[in-house]
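Note sheet for the following structure.
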Amino acid sequence: MRWVRVDLDGTSHRYLLFQRRPGVRPYRLIKDARSRRLESVASSEFYFDRDTGAIAKLKGDKHARSGRFFRWLFRDYLDKRLFFQFEARKEIRSKQIVQAAGLSTPECVAWGVSFNPRNALGSLLLMDHVEGAVTGAHYFSCLPEADRPAFLMRLCDDLMRLARTGYVHRDLHMNNFLCRPCGTIIWVDTHVRPLPVGRRAKWHALCRSVNHRGLLNETYREWMLQEMKRQWMIG
């Protein structure tokens with residue numbers, strides 16, 4: 001845990017960073033065409049490190065400091081920053097759960113927080129960039145119809161592995177994971193929540209997660225539910 005200077009496209013900020021790898025140095029982050037593609041399907045801002053190519057995910061304040069000062073003060077600054085409830089910390093905890101369940105995620109380089117109230121991007125998560133991977137939505141749209149069931153089965157396998165450890169994804173959709181050309185699934189948004197107590201309540205929570213309209217159309221969602229139910233009944 002150290003104070004590290006982070007350059008965001010020419011603007012210098014200081015972050016209290018927790019390093020996942022040895023060696024502390026200033027980070028020089030830039031935005032490019034890849035950043036804009038990611039931001040078109042996500043609610044965070046994305047930068048790339050000039051020296052290593054690592055990808056930085058930064059989450060901004062929900063409320064404007066000038067417009068809703070007290071909401072910003074209590075919800076964005078005090079709660080998220082001073083009380084360490086910022087997005088990167090939550091995502092690191094979820095990432096550990098997802099990895100323990102056997103799912104693939106990018107390796108974390110560093111994560112931390114800015115206490116500067118003038119820096120709206122208080123949460124920083126720096127991860128290895130997965131070269132050659134595309135969003136799940138793009139990968140699935142390019143698959144021939146005959147290959148889609150096998151891919152959906154792999155997706156169901158990941159979701160059921162997570163469920164067996166007692167968790168479910170909070171916002172399941174096709175842009176929350178990447179796919180390599182071979183079809184390997186890599187989870188980049190790892191926000192999860194515990195499943196409720198009771199077998200029936202757990203199953204209903206799994207069904208609700210798959211019924212998210214941002215996932216797939218109704219036909220594919222129904223296919224996934226049937227496959228997950230099959231695995232649920234035997235395991």
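The values are calculated or read from the model by the stated rules, or taken from the named source; none is laboratory data. This one's a predicted model, so the numbers in the text were calculated from it and none came from an experiment. For neighbour counting, all protein chains shown are included, and Cβ atoms are generated from backbone atoms with ideal geometry for every residue, glycine included. Note: accessible area is taken over every heavy atom of the protein model, side chains too, but ligands, DNA and RNA are not part of it. Shrake-Rupley method; radii C 1.70, N 1.55, O 1.52, S 1.80 Å.
Quick notes
- Residue list for the stretch 146-171, restricted to those being touching a strand residue (DSSP E or B) at 6+ places or on another chain (Cβ under 7 Å) and among the small types (G, A, S): G166
- Which listed residue is loosely packed, with under 15 Cβ neighbours inside 10 Å, free of Cβ contacts under 8 Å to residues at least 40 places away in the same chain, farther than 17 Å from V192 by Cβ and of a type in the set (G, A, S), from G67, G53: G67
- Sub-8 Å Cβ pairs linking a first residue in the stretch 206-235 that is within 17 Å of V192 (Cβ to Cβ) to a second residue that is of a type in the set (V, I, T), at least 6 apart or interchain, are L206/V168; S209/V168; M228/V210, ordered by first then second residue.
- Residue that is least open to solvent (accessible area, probe 1.4 Å) [pool: residues in the stretch 80-121 that are aromatic (F, W, Y) and free of Cβ contacts under 8 Å to residues at least 60 places away in the same chain]: F86
- Helices (runs of 4 or more DSSP H) lying entirely in the stretch 144-235 (those with 1 or more residues that are surrounded by fewer than 16 Cβ atoms within 10 Å (Cβ to Cβ) and in contact with a Pro (Cβ under 9 Å, 6 or more places away or on another chain)): 199-210
- Yes/no for P26 being at pLDDT below 85 and farther than 19 Å from S123 by Cα: no
- When residues in the stretch 122-143 are screened for being surrounded by fewer than 22 Cβ atoms within 10 Å (Cβ to Cβ), part of a loop (DSSP other than H, G, I, E, B) and at pLDDT 95 or above, 1 of them pass.
- Residue in the stretch 14-50 that is farthest from Q85 (Cα to Cα), counting only those that are basic (K, R), in contact (Cβ under 8 Å) with a residue 60 or more places away in the chain and assigned to a loop (DSSP other than H, G, I, E, B): R21
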